[in-house]
1. Mind checking which pairs have a first residue in region 26-46 that is small (Gly, Ala, Ser) and a second that is at pLDDT 85 or above, Cβ under 9 Å, 6 or more apart or different chains?
2. Across region 1-31, what is the total count of residues that are more than 16 Å from SER54 (Cβ to Cβ), among the acidic types (Asp, Glu) and touching a helix residue (DSSP H, G or I) at 6+ places or on another chain (Cβ under 7 Å)?
Amino acid sequence: MLIEAGADHKLKNDEGQTPLEVKEGELEEGDEDDSDSDDEDRLKLKELVAYLKSLSGGESV
């Protein structure tokens with residue numbers, strides 16, 4: 001919603017990470033803990049990562 005309203009998905013946080021990098025990290029953390037692998041929040045996180053990748057030409061920044 002924020003990106004569609006004009007937010008810049010290429011901005012970096014204080015750690016120098018883009019939103020895509022942050023969310024990819026969350027996915028990797030979840031991969032280590034398979035207990036939540038099928039829950040709705042995890043599926044939404046995967047969709048968000050795919051969306052952010054599509055904005056970035058498919059690659060992490």
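The values are calculated or read from the model by the stated rules, or taken from the named source; none is laboratory data. Remember, predicted model here, so these are calculated numbers, not experimental data. Here the Cβ is made from the backbone with ideal geometry for all residues, glycine too, and neighbour counts use every protein chain on show.
1. Going by the 9 Å Cβ cut-off, the qualifying pairs are GLY30/ARG42; GLY30/LEU45.
2. Of the residues in that region, 1 qualify.
So that you can scan it fast, the table gives a plain yes or no per residue for (1) under 11 Å from the mean Cα position of the chain (by Cα); (2) modelled with pLDDT under 85:
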residue	(1), (2)
GLU4	no, no
HIS9	yes, no
GLU29	no, no
ASP33	no, yes
ALA50	yes, no
GLY57	no, yes
